[in-house]
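Peer 1: Mind having a look at this structure? Questions to follow.
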């Protein structure tokens, strides 16, 4: 594949990259989102996503090697990620057949890369990636699954932090109960350090999610201060969905009424709440403790 070189910030492809980073509407209209960083892109590729355009900066150490290993295939087979889409295709001995497919590879200088990169400590890789439209029906849950549900939690930083905890706890699915949630917001991807790709994650309405959980016999444990039991007194070894709302307003009555049990984290200080991502981690690892 021929590598294109771009040096100007006024180039239409650079302008479109910035547009995709900044505008949710543009991402939805084009069916594309932006992934920055090698670790995040590796997780993205392992999850089977397709890169449309790859931007890289050869002035940053090892970046060219990364591009060659994944997209130009000048490396041994065992340097691909274990679960990469490249290894899921039919195996042959030709380098070309092992290349991850992309429409365009674009080389940009470091000065331009710094203008389009989100992070100060960059890794020289930014990609435009094709959307996957995932729904509740796409979730393949095992027996006695552990599911994390967040209702109306909007801040990408909180969502990303919860996804990191979900990955660490081996959660089977994360459901954001707000159909308008932008799963491919660059801030969410960055905050999750790629966990959005390692944990099955979908957005759905609360009504749809409650029906989905009840049909599968998954107990619903809602985190709330009122009318609740201490979280470590509840059996989480069976199929369990841990449900949390915003720090400001908590959960809606819809979830409170659908709950199998209400749970709380004991608060021994003068404040009455933890950050939602911290609370989620506490509850998730109690489930891990019980299941081990």
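The values are calculated or read from the model by the stated rules, or taken from the named source; none is laboratory data. Note that this is a predicted model, so its numbers are computed, not measured. With ideal geometry, Cβ positions are generated from the backbone for all residues, glycine too; neighbour counts draw on all protein chains shown.
Peer 1: Scan 234, 263 and give me the residue that is surrounded by 18 or more Cβ atoms within 10 Å (Cβ to Cβ), in contact with a strand residue (DSSP E or B) (Cβ under 9 Å, 6 or more places away or on another chain) and more than 23 Å from residue 159 (Cα to Cα).
Peer 2: After ruling out the rest, the residue left standing is 234.
Peer 1: Still on this structure, I have one more. Within segment 1-33, track down each residue that is assigned to a loop (DSSP other than H, G, I, E, B) and either surrounded by 13 or more Cβ atoms within 10 Å (Cβ to Cβ) or touching a strand residue (DSSP E or B) at 6+ places or on another chain (Cβ under 7 Å) (or both).
Peer 2: 1, 6, 9, 11, 31
Listed here are the residues, each with its yes/no results for (1) in the same structural domain as residue 28 (by TED's automatic domain parsing); (2) within 14 Å of the chain's Cα centre (by Cα); (3) over 30 Å from residue 102 (Cβ atoms).
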| position | (1), (2), (3) |
| --- | --- |
| 116 | yes, no, no |
| 125 | yes, no, no |
| 144 | no, no, yes |
| 151 | no, no, yes |
| 156 | no, yes, no |
| 163 | no, yes, no |
| 167 | no, yes, no |
| 173 | no, yes, no |
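Peer 1: Something else now. Considering only segment 39-92, state which residues are at pLDDT 90 or above and at positive phi.
Peer 2: Within segment 39-92, just 48 meets the criteria.
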